[in-house]
Amino acid sequence: MTYEAMSRDLQNLLHKLELPKCILIGHSMGGKTAMTMALHWPGMVEKLVVVDISPNRSVSSRVFPDYFAAMKAVTVDADWSRSTARNRAEQQLRPFIEDAHTRWFILSNLVERNGRYVWRVNIEAVTNNMEHLLGFPEFNTPFTAPTIFLGGANSPYISPKDYPEIKRLFPNSIIQHVPEAGHWVHAEKPHDFINAICAFLETS
């Protein structure tokens, strides 16, 4: 599970969908995958939206192992309804994950499959490749198409120390923060999130 592999998956998907060029939006790990895609195959990306992540090594790495350990420990009955299963899972996650937005974002990945509830995220793959996923591949050639880095004002994932590397790899970029939003910008401030992206697409 590497950004190179995931960007190749994305490239193959665009070919399958017969989309020679697209506007690409990615959040967090998806944002790093989108950046990798744009830097590897710039001709396929018309504009790029990177949400609350930078091309530098990610911060707050200590919390991720705790998140995944808590997810692995969740037990839900296959006979429960989806809403009941998520509520019971939320109760089990609460002692380990204090932030409610984070809990409910994680719970959006709890799905019913083959008669039982499972995590849509491949927890083992993420855990085994965590060191790589926290970093970012090295690139020397920039992506010059219009790009926006859209962060949450209350999130540490895009900070002034990241600006030099952002500008080196994405010279035609702007950096913007959504007020009162944390890492899950699109879930916490959906209207501000959409408005910021629409304004970028209209003016760039």
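Annotations for the structure displayed:
- Model label sites at GLU4 and ILE123, defined 7 Å from Cα along the beta-carbon direction, differ in position by 3.0 nm.
- Counting lysine pairs in the stretch 1-125 that sit 8 or more residues apart in sequence, or on different chains, and whose Cα atoms lie under 23 Å apart gives 5.
- Sorted largest first, extent of the stretch 121-204 alpha carbons per principal axis (Å): 40, 33, 22
- Note on the chain: dipole from Cβ charges, positive end direction compared against PRO95, PRO190, LEU10; the farthest Cα belongs to LEU10.
- For the stretch 63-128, the direction-averaged projected area of the alpha-carbon convex hull comes to 4.2 nm².
- Additional length obtainable on full extension of the chain from ARG116 to GLU98, 0.36 nm per residue less Cα span: 3.8 nm
- Computed log10 I(q)/I(0) for the chain at 0.18 Å⁻¹: -1.32, from the Debye equation with unit scatterers placed on every C-alpha and solvent omitted.
- One chain, two ends: GLU180 and HIS132. Fully extended at 0.36 nm per residue, the span grows by 14.3 nm beyond their Cα-Cα distance.
- Protection proxy ranking of 148-156, 172-180, 133-141 - average other beta-carbon atoms within 10 Å, highest first: 148-156, 172-180, 133-141
- Simple label model, 7 Å out from Cα along Cβ direction - THR75 to LYS167, nm: 5.5 nm
- Counting only Cβ charges, +1 for Lys and Arg and -1 for Asp and Glu, the dipole size of the chain around its Cα centre is about 200 debye.
- The distance linking the stretch 51-84 with the stretch 133-204 is 23 Å (Cα centroid to Cα centroid, whole angstrom).
- Theoretical gain in end-to-end length, HIS15 to ARG82 [0.36 nm per residue, Cα-Cα removed]: 20.6 nm
Only the coordinates and a few stated rules stand behind these numbers; no lab work does. Everything quoted here is computed from the prediction, not taken from an experiment. Glycine gets a Cβ as well: all are built from the backbone with ideal geometry, and neighbour counts include every protein chain shown.
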